[in-house]
Structure formats: C-alpha cells, structure tokens
Amino acid sequence: MASAPTAGGISKILSNPSPDSPTDVPDVVVQVIDLKATGNRYMFTASDGDMKLKAILPSNLTSDVISGNIQNLGLIRILDYSLNDIPNKSDKYLIVAKCVVVSPALEKEVKTEVKKEEAGIVLKPKVELDDKSKFNNGSGILLKPKQELVAKSAAQIVHEQRMNMAPAARMSMTRRVQPLVYLNPYLGDWTIKVRVTDKGNLRTYKNAQGEGCVFNVVLTDEDGTQIQATMFNDAARKFYEKFSLGKVYYVSRGTLKVANKKFKTVQNDYEMTLNVNSQVDEVSSEAAFVPETKYNFVKIDMLGPHVNGRDLVDVIGVVQNVSSTMSIRRKINNETAPKRDVTIADETKKTVVISLWNDLATTVGQELLDIADQSPIIAVKYLRVGDFQGVSLSTISRSSITINPDIKEAHDLRSWYDAEGKAVSMSSVSSGMSPSTKSGSRSMYSDRVSLSHINQNKSLGEEKPMFFSIRAYVSFIKPDQTMWYRACKTCNKKVTEAIGSGYWCDNCQKNDEECSLRYIMVVRVSDASGEVWVSTFNEEAERIIGCSADELDQLKSQIGEENSYQLKLKEATWVPHLFRVSVSQNEYNNEKRQRITVRSVAPVDFAAESRFLLEEIAKMKAS
C-alpha cells in the first residue's frame, strides 16, 4: 500500500486529460489538501508532493467525506477522472469520478525537496552566433551554443499536444460520455448519453421582455440519474421536433446551473439549458439501453408534510381496491378525462387513494383491475400530493407505474403482507394524523394560530389552501343538518337508490343490496378569540361525535327515544380538540367566502400542550 503520493502524478494526469477507458488511467496516488465543502460537494487540492491541481469530488462521494473515509491530508488513488478548464482562467479542474482511499490523514503535507544543483537544468542568456569560428575547439568540431529554455505551463503543454494530434485522435480524446451524476457548472466540454423519459408541451409566455416560447424534457442516463433540460425561443423551436419521447440521444454543448428548488421536479442539484448551438444527436447505431428507475419512496403515513407541496413523491404499496373508469369533466377546458382510483396500503397499516388519469387509467388501471384479487404490488413514480379527503395522490403526465417490480422494497412488502398484512385492519392515512411529529402529518403544534387570525384575514387561501393548527372546542352541532350520505361499501363514493331494490354506484358500475353512511357535516368551533364554522368528513367526524354515522342514524331512528340522538350530539360539544385545518377561498353567488376544512383531529395531550405553552412563553421572553 502506498504511503506517499505518486512522484510526478499530476504531470501524468495533465498529459492524459481524458482517458478513454479504465486501462488508460494512469496509476496515480495524490494527497488531499485543503478539503472543504462547496454546496453539497467537496473541493480539495490534489498534490503529488511537487505539483498541485484543484480538484472536485462528485456528490456521490460526499458520504465518504462525511463518514471520515476520505480525510484531509489523506491519500487517495484516482481510478477515473476528467480534466476541465476553469472558465476565464488558464487553470484546470480535476473532476474525480472514482477513487479509493489509500491512507487516512498523514501527520503533515508531503513535499518533495529538489536541490537546484541536482536538477541538471542551467539557464543562461542567449548567445548570438556572430562568428562560428569562436565555437571551434580546433579539432574541426563545431560546438553549438546552449539553446534558451522557455518555461511553459502544464496547460500550454497539454494544449500543444492536443493540437498536434490528428483530428480523429483529438475527437476520440474529447468525446467521452459522462454520467449525469458527474455534471456540474465547472465541467467544460461534456457529452451525455440519455433517454428522453418525459417531454413537455411547447408553451408560450409573456413578460416584461416580450413574448417567447419554452419547453423542457427530462433526460435519464443508464444509471437512472435524471436532469431537466429547458429550451427557450429559437432553441425550443429547433429541438421540440428533434426530441422524441423514449429515444436515446447524445447531448453536448449545454450549460448547467443550480436548480431552482421552487420549480425543480427531478432529484438533481443542477438543471440544464440548451441553446441553438447545443448539439443533439440521436443514437441509432448502438443498442438502446433501458434506464434503471431510481425511486425515493415515501411511506404512506409520512405523506402529510407533502400535501399541496411542489415536490413530487414516489410510493410503493399493495393494491387493496381498484375502481372502474369514470369520466371527469375538467373545469379548465370543459373536456372530459378518464379517471380511475386505486387504493394501496403499506407496512404502516395505512391506505391512500391514487387517482390515475388519462392513459394510465385506461391501460395500467385496467390491468390492475383484472388482477386486483391477487393483491399486486405497484411502485409509482412522480405523484402529486393533494388535500382531497385529507391526503390523496394523483398521477401527472410523467408518472410511471410498475406492477410487481423486482426490487428489494417490493420483496420486503410482499413478505410482510403475506405473513401478517392481509389480516391487519387498515385505516386511511387521513384518519391516522396525530399530534406527534413522528406521524406523517404536520405536527398539531406547528403553525398554531387562534381563530381570530383566520377570521380577520379574509384573503387567506386565495392562491392556494393554507394550513394551520388550532386548539378549540366544538361549541355547536346543528341537529337538523344533513350529516351523512349513503356511500358504496367498496369505494366510499355516493350511491343512489336503484330501481327495484339496492343501491347503484356510478363509480363501481354495480348494484349492492346494502350501503354505508359516511359523515359530511359542519360544526362550530370556538376558542378564547372567536368562533368559526368548519366542514368535517367521515374519519374526523367520527372522532368528534364518538360513533359512526350508521350508529348515530340508529339513535335518530329509535321510536320514543328522540332525546338519544340530541344527547349524543350534546355530549360531543365543549370537548377540547387539536385540529389541523385548511383554509381556501370558494366563490358563491359571485362572492368569495372562506372554506375551512378539518383535515385531522386529535384529543388534547395536556402534557405536550403544557410543554408547547412553556416554549411559547420562553420565545416571548427572549424577544
């Protein structure tokens, strides 16, 4: 094992800036100097004891630095790399693609001492040849004067070597496919080989600078790493027809910048911009690759914080129910779109409904309906989390569904479900929200406001629903309101009385002899600052009333016991609860009104509530 850097290692790297294969990579060990974090990556100075070179580690090696595997003053053997120019400078950056640790941190920086007299290089002024005879030693031998040595930088030497090569050789040296994980703004000339896994529409926009058009694609390489590429105006018109969904391309001459977290939809720190000078070549002669799909699964009981967020999520679950296809008329364009609801569950013993739209509803959805009795496992990528009935999931144009995927998470889920899951009672994720931050939802103690805050700010929820936590009492429940609806026992959708007998479900397209009742009611809640009317749905209402809608209906229908129903409602009032509510704006008779909906409800944990109040008092004292 090497205990010191490779002598002349930096020179070897400079003389071979872009090796074509692992066998071309020189065996070089360097010392890591001045290791420091830059964003989510680490930069350092590579030293061989004599020469130094600025270097950068890709994000996939960050964990090795954090774990202490790669240390400052330690030694690493470079197994793969590329050398790139620093913009507007003559220096170069060493991009370390792959390395192994040779030694932990040494006691000090290794420096090679070279004595001048041993170097063997003597620099003397240039001598003019005025008379050749002056250099004749009398034996007929003409002695030539020593030529002047002109010092050149390593970058100049490498540049001259490249220019002296034949064009084909230069091309083979510069044309090197880079994995997407290694791309960064410091990288100079790069080429990537990617598949178009999502293609947006060509959209027009208008701003202060005028009108234009834009479209973007999601590019995926063989390792499953993704990046979003955006094109504007002339570039958008040039490449819109060039890029085809599912095809493989070589892409180069683009620019990279840090991705805007507000708008990014893929897991990558950078985003790409292609202009009219960018190069896009379809890969037709080579065997097409199938990118490995990388998932970032979110457990069902952890979906709460993602409600109405910009981030898309991936989920995996066992199919519990698949509805028939229904046609939904969109408010935006008044067009109808096919939709199908799929209910899944996972090890958290929670269920959630995924709404499949368009082709996914008619193709994959139908396949799931045909095998629903086998309880298949599905992995879904790119889902939007909404607040319908608390928490719900919806597919978008780039969503993908894999049935019974051959991945570890699917095998583990199948083992759990076959062993115990199929016999466990599942509950909706919306009903599982609790004040504990360990659950998937936001804490009941985050975003805590009083009811006066909601009452006095009538503009809350204009652009999108806003979420708050409140501590309040149920002060009144209207006994004469429509408190429930008849629901299908399979999909919980509303049913109507069928001709003859039974109940018809439009969603499931079937007739059942029985139905269930589900709460949908309004209650008034109060605290020390005011009161508001809130809408509640089944799971939340059951927690407030203390019984199911079917049980309450039986109390209401008892002859001679008219007060049992009223008494049950009265018992539910003036009990303290913690509520998580959403505030949105609805238009009624051309007038905007606030709509407050209970998303979760939990009893007051007085110990936790006391700690919360003490923290609030401490904050007030500190301010």
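At-a-glance table
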| quantity | calculated |
| --- | --- |
| Given (1) over 24 Å from the mean Cα position of the chain (by Cα); (2) among the acidic types (D, E); (3) farther than 22 Å from C491 by Cα, index of the condition D314 fails | (1) |
| Test: S564 is out of contact with any Lys or Arg (no Cβ under 7 Å at 6 or more places or on another chain), within 23 Å of S323 (Cβ to Cβ), open to solvent by less than 70 Å² (accessible area, probe 1.4 Å) and of a type outside the set (D, E, K, R) | no |
| Some residue of region 456-465 being at pLDDT below 90, more than 30 Å from K556 (Cβ to Cβ), assigned to a helix (DSSP H, G or I) and assigned by the TED database to the domain that holds F579 | yes |
| Condition met for T490 (open to solvent by 50 Å² or more (accessible area, probe 1.4 Å) and under 30 Å from L578 (Cβ atoms)) | no |
| Options S397, S375; residue that is among the small types (G, A, S), open to solvent by 10 Å² or more (accessible area, probe 1.4 Å) and under 25 Å from the mean Cα position of the chain (by Cα) | S397 |
| Residue match in region 191-202 (condition: modelled with pLDDT under 50 and either open to solvent by 40 Å² or more (accessible area, probe 1.4 Å) or within 27 Å of V251 (Cβ to Cβ) (or both)) | no |
| Of all residues making up region 521-556, the number that are open to solvent by 80 Å² or more (accessible area, probe 1.4 Å) and either of a type in the set (V, I, T) or not in a loop (DSSP other than H, G, I, E, B) (or both) | 6 |
| Selection status of S516, over 30 Å from F606 (Cβ atoms) and modelled with pLDDT of 90 or more | yes |
| Matching residues in region 45-64 - criterion: being under 16 Å from N184 (Cβ atoms), open to solvent by 10 Å² or more (accessible area, probe 1.4 Å) and at pLDDT 85 or above | K54 |
| R595 vs. criteria in the same structural domain as V474 (by the TED database) and open to solvent by 30 Å² or more (accessible area, probe 1.4 Å) | yes |
| Pick from region 466-487, criterion among the β-branched types (V, I, T) and either over 25 Å from G304 (Cα atoms) or in the same structural domain as V307 (by the TED database) (or both), ranking: least open to solvent (accessible area, probe 1.4 Å) | I477 |
| Unique match (being more than 20 Å from Y295 (Cα to Cα) and hydroxyl-bearing (S, T, Y)) among T336, T351 | T336 |
| All positions within region 249-270 that are touching a Lys or Arg at 6+ places or on another chain (Cβ under 9 Å) and either farther than 23 Å from S399 by Cα or at pLDDT below 90 (or both) | Y250, V251, S252, K261, K262, F263, K264, T265, Q267, D269, Y270 |
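The values are calculated or read from the model by the stated rules, or taken from the named source; none is laboratory data. Note that the structure is predicted; figures quoted are calculated from it, not measured. Ideal geometry is used to build each Cβ from the backbone, glycine not excepted, and the neighbour counts take in all protein chains shown. Please note that ligands, DNA and RNA were not included when accessible areas were found on the heavy atoms of the full protein model with its side chains. Shrake-Rupley method; radii C 1.70, N 1.55, O 1.52, S 1.80 Å.
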